[in-house]
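The values are calculated or read from the model by the stated rules, or taken from the named source; none is laboratory data. Quick caveat: nothing in here was measured; it's all calculated off a predicted structure. We place every Cβ from the backbone using ideal geometry, glycine too, and count neighbours over all the protein chains shown.
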Amino acid sequence: MPVRAKAPLQAHAAALSRQGEEEVSRADAHSDFDHEDERDMPDDREMTDADYLALFRDTINQSVLPDLPRIPGFHTFWATTTNSRDTIASRRRMGYQFIRADELRGWEGGSIKSGEHAGCVGINEMLAMKIPERLYQIYMREAHHNMPLAEEEKIRATVLAHGENALRDKGKILDEDGFSDNIVQKAPAPVFA
């Protein structure tokens, strides 16, 4: 038989963090708590509203994949086996290697038990991989420094070509604040973490 709630939600707010109290207050503004103690609650209710809120917060901040430990001289990451544009085979050709469970103390339980990736660290469709740090830096510099600079240079060349065409046709391109001269910024190559 249902019983009446013993305490309204406001009584639980004291146990919450300051942020939780503010969230409860906002909820109070949108709910009819005058009738809270008239609601029927099941006999076996063990968790408080504060407990449910804490559980909800944990699910929001929870990471599905654990952080991989650092391996000296390597960059580690999780690779997916389901991306048809970024395949495991192409990563292997570029120098990426599987991380085997016997390389990481305490990760034996996280190894794949059968199939082509048996013995490797994996969770669902994700595989732990590593790449030598020097190759990682080369690839990141190319993708995030050199290639963007090359694109900026193309834009600069296009702007200059339009300017030359305008002059030839007795026109003029207004270049406020030296825009075309400042398109390509020759910043030093960064080191990636």
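PHE56 meets the stated requirement of being aromatic (Phe, Trp, Tyr), loosely packed, with under 15 Cβ neighbours inside 10 Å and modelled with pLDDT of 50 or more. Can you find a residue in region 130-140 that is surrounded by 12 or more Cβ atoms within 10 Å (Cβ to Cβ) and more than 26 Å from ALA189 (Cα to Cα)? Taking every residue of region 130-140 in turn, none turns out to be surrounded by 12 or more Cβ atoms within 10 Å (Cβ to Cβ) and more than 26 Å from ALA189 (Cα to Cα).
The requirement of being assigned to a helix (DSSP H, G or I), surrounded by 12 or more Cβ atoms within 10 Å (Cβ to Cβ), touching a Ser or Thr at 6+ places or on another chain (Cβ under 9 Å) and of a type in the set (Gly, Ala, Ser) is fulfilled somewhere in region 158-178, by at least one residue.
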